[in-house]
Amino acid sequence: MLLCDIFSSLKLAPYYFQLSSPLSRGSDNVQPREIGRNGTSNNTSSRSMDVLPSPLATDKNDGTVALVKTGSEIVKSTPAGEYLTAALNDFDPDQYEGNAAISDGANKLLMLVLAAVIKAGASREHAILAEIRDAVFSFIRKMEPKRVMDTMLVSRVRILYIRSLLARSPELQSIKVLPVESFLEKANTGRSRSSSRGSSPGRSPVLYVDEQIQGFKVNLKPEKKSKFSSVVLKIRGIDEDIWRQQVTGGKLREITEDAKSFAIGNKALAALFVHTPAGELQRQIRSWLAENFEFLSITGDDALGGSTGQLELLSTAIMDGWMAGLGAAMPLHTDALGQLLFEYSKRVYSSQLQHLKDIAGTLATEEAEDAAQVAKLRSALESVDHKRRKILQQMKSDIALLTLENGGSPIQNPSTAAEDARLASLISLDNILKQIKDTTRLSSVNILTKSKKRTMLASLDELTEQMPSLLDIDHPCAQRHIADARYMVESIPEEDDPIQDISHGRKPSTDLGSGSETDVAQWNVLQFNTGSSSPFIIKCGANTNSELVIKADARVQEPKGGEIVRVAPRPSILENMSLDEMKQVFSELPEALSLLALARTADGTRARYSRLYRTLATKVPSLKDLVSELEKGGVLKDVRT
């Protein structure tokens, strides 16, 4: 169902006009409504807040926070949400003529937001609020400087979001607010007496903010009936009841306007509204009025309209004024409820960031005994860091949406330097342990040649040189594994290297048969993403002759034929070859290497292979000298004739 049909289905057209009090608007070109004209209009307006479903209803399957989107929270789109988001984002005040038209359009959109929440019901309330959240906040922020929105509607929308945040944030559940009598004061008599009926059960008078609360002064006097005034009214032909209604209506309007002024920017009062159901709050106001002004009647023939008591009218006037003031923006600041939402969001963000820091701090102090524990600890720290970055990203977005210029203090992000250093150390340690594993896998033989043993021990020495990249807590693990690997290699019997026939010389690198030395002490793995198929995985290393050795699947498509090991020819071999001759050379190599190197022309192939050879060789520490030598000789330059 489209949202434009919701009004008719929920019969919200009259509900809109009951909520829309011109006293709460910033526009001055709208005629004020007669508050006391129909007797029950104010009561209906106040009670209409109770029509909204309770925002404290929580979906048990969704433990996320309205403002703080965790990585696991996926906001599902709905037709109503998409319609509302588009309508809020596309609203252009310049398309309307005059403030009255802009006000009407803006207020209808706010009513659509409330209608969508009502239509969604308690089970889907959080979801629809989360879906349209960014659009709602951007809309309110955009329209605030124009001062054309019905601030009572702004307040109701804000309260929905704050209560949704409260319901899903344990950090905010313990907040206690001042009782209602702290915000009410009897004029000319100072602070009124405390009312036991005015406090909710378990309510503790703890200040929400460190400031002196100035009460809203209520100035009421009993009506003095005078025979003279009655005679004057009769002489003028004025009905006494109508005159009393007009006087009472004017007094109620004055109270509402004063209450609105009192509520503007009052975050403590905003907290009271958020943490207290509307019906309960109005009951507390009535109780305070009855206790402090004993001449007021609850019901009676002299009450306005004959059916609603003076207490009901007065409490409604105060509630309406407070609600209108809490939604009114201040210069360079948003409204009081918006400021409260920002403060609560800061608390949630700060609590979540601190919670993640505590978890990371605990993980950072744990020692790892083996590769499995290192990998597990590294994964846990990376997961915490990922969640922290998600929160920081969402936090920046919310700060921009919730506040105007200079509208709030920055959120303190606890330092994670120690945890970041441990994560970097674990990453280095993980790489060291993987290289040790590759070395010990090659040492699982009965006998080794002297040159191969020297190569393996040299690779272990290189790993020892990487120890400064580790924190002290990770040194014992690395030292123990390196020592164990060294002992394993040294304990293997060795034999002399085979004597080569010098007269025949060493076989050229293009001889890729079984005569080439393909024993490698340590493999380095590279992944090449081609974009059109699965990545090519090529392992590279060095043999005892300081040649580049590669290992990869024989073919890139199934059946891949298993891994084959070949000595990669040096780029200089290809200098005088034709394209067909180079294809013949590459046919002896793994297909992945051939696909990465071959181009349409011989020059293009030589240039590609030169870059590929450099990429592979630079990943092998023992071939650094070879790479430097070839670069000095111009062999690794892109050959183009």
Total Lys pairs in segment 524-632 closer than 26 Å by alpha-carbon, pairs eight or more apart in sequence or interchain only? 15
How far apart, in nm, are the 7 Å Cα→Cβ label points at Glu575 and Glu462? 2.8
Say R0 is 35 Å: what FRET efficiency, to the nearest 0.05, do Leu220 and Lys390 get from their beta-carbon distance? 0.05
Tally Lys/Arg at +1 and Asp/Glu at -1 over every other residue whose Cβ is under 12 Å from the Cβ of Ala552; what's the total? +2
Each label sits 7 Å from Cα toward the beta-carbon; between Ser138 and Glu563 the label points are separated, in nm, by 5.0
Using 0.36 nm per residue of separation minus the Cα-Cα distance, give me the extension gain between Gln479 and Glu280 in nm, one decimal. 64.8 nm
Using a cut-off of 13 Å between beta-carbons, work out the net charge of the residues near Lys437 (Lys and Arg +1, Asp and Glu -1, Lys437 not included). -2
Using a/c under 1.5 as the rounded threshold, could you call segment 540-605 rounded, prolate or oblate? The axes a ≥ b ≥ c are square roots of the C-alpha gyration tensor eigenvalues, and prolate needs a/b larger than b/c, oblate otherwise. oblate
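Read-outs throughout are calculated quantities, based only on the coordinates presented, and are distinct from any laboratory measurement. This one's a predicted model, so the numbers in the text were calculated from it and none came from an experiment. So basically every Cβ, Gly included, is an ideal-geometry build from the backbone, and we count neighbours across all protein chains shown.
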